[in-house]
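Below: the structure, in structure tokens.
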Amino acid sequence: MSEKRPARSKDAFATFGLCKNLLRAINDAGFTEPRPIQAKTIAQVLKGRDVLGLAQTGTGKTAAFALPIIEQLLAGRGQNPRALILAPTRELAIQIHSEIETLAKYTNIRTITIFGGVNATPQVRELRKRPDIIVACPGRLLDLMGSGDVNLDGIEVLVLDEADHMLDMGFIPDIKRIVARMPKSRQNLLFSATMPREIRSLTKGMLRPASAALTHWSA
């Protein structure tokens, strides 16, 4: 009797119903099987639910939200930009952008990064091309919203990554100002390594009770 071979990555991730171009990119990236935060999150996001995920850096959380977001954007049309990912640092924003590009490389999904400390002109130029996804640091995003270079009226999905770090860096007031400018009907995904009182308060104001928001723990 021949030994049963382990499932290939594209077979493991295919159970989520992801399109073939995403599965192809997953296979290219060398993913073998969904990590815990991915297994718990992807299906819930694809169902349109808000998600509160507790996960440390390095647990695979970027793919946990990026894969279902790309899938949902491919499945329909809307007013770009359609997804906004907020990150506390330039380094994390670049890292998220890079992983999304890797996963979306066989699709027409376009992603840009927005962060401070550099000339804003190239970022404004990219915004005018109407990207599907914006990965941004709150401060520069607010600046560009104030100048009229960013319109968030079409945002369908909002991700707050490393929310506890954003709290430590004093970004929560900025986040609240950004959230106030987006459609209330959007899907919300919040990821944090810890859950201090201020983050719990933020989630109560963001997550939609009717969407059966779930809490996911990952080592």
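The values are calculated or read from the model by the stated rules, or taken from the named source; none is laboratory data. Just so we're clear, the structure is a prediction, and the values are computed from it rather than from any experiment. FYI the Cβ positions are ideal-geometry reconstructions off the backbone, even for glycines, and counts take in every protein chain you see. Keep in mind that these areas ignore ligands, DNA and RNA; they rest on the heavy atoms of the full protein, side chains included. Shrake-Rupley method; radii C 1.70, N 1.55, O 1.52, S 1.80 Å.
Taking segment 87-115 and a reference point 7 angstrom along Cα→Cβ of LYS129, the backbone N atoms nearer than 12 Å belong to 109-113. Would you mind classifying segment 44-119 by shape? Square roots of the alpha carbon gyration tensor eigenvalues, ordered a ≥ b ≥ c; an a/c under 1.5 is rounded, otherwise it is prolate if a/b is larger than b/c and oblate if not. Here segment 44-119 falls in the oblate category.
In this structure, the pairs whose alpha-carbon distance is over 32 Å, taken from LYS40/LYS129; LYS61/LYS204; LYS129/LYS204; LYS105/LYS204, are LYS40/LYS129; LYS129/LYS204; LYS105/LYS204. Between the beta carbons of ASN151 and ARG208, assuming R0 = 25 Å, the FRET efficiency works out to 0.65 to the nearest 0.05.
Estimated from the Cβ-Cβ distance and a Förster radius of 22 angstrom, the FRET efficiency linking GLN79 and GLN56 is about 0.05. Of all aspartates and glutamates in the structure, those lying under 18 Å Cα to Cα from LYS47, and not within fewer than 8 positions of it along the same chain, are GLU71, GLU156. Taking the helices alone, the chain has a mean residue ellipticity at 222 nm of -12500 deg cm²/dmol, built from -39,500 (n - 2.57) per DSSP H run of at least 4 residues and averaged over all its residues. Taking the protein heavy atoms of the chain in the context of the full set of protein chains, the accessible area attributed to carbon and sulfur is 49 percent at 1.4 Å. Considering only Cα atoms, the convex hull volume of the chain works out to 125 Å³ per residue.
When a/c is below 1.5 the answer is rounded, else prolate if a/b is larger than b/c, else oblate, so apply that to segment 90-146 with a ≥ b ≥ c taken from the square roots of the Cα gyration tensor eigenvalues.
The shape class here is oblate.
Most tightly packed first, judged by the mean number of other beta-carbon atoms within 10 Å of their residues, the peptides 133-140, 28-35 read 133-140, 28-35. Per residue, the accessible area of segment 47-186 comes to 42 Å², computed with a 1.4 Å probe over protein heavy atoms only.
What does the C-alpha gyration tensor say about the overall shape of segment 108-190? Classify as rounded when a/c is under 1.5, otherwise prolate if a/b is larger than b/c, or oblate. Oblate, because a/c is 1.5 or more while a/b does not exceed b/c. Each Lys or Arg adds one and each Asp or Glu takes one away; over the other residues whose Cβ falls under 12 Å from the Cβ of GLN187, this sums to +4.
Counting charges near ARG130 (Lys, Arg +1; Asp, Glu -1) among other residues having Cβ under 11 Å from its Cβ returns a value of +2.
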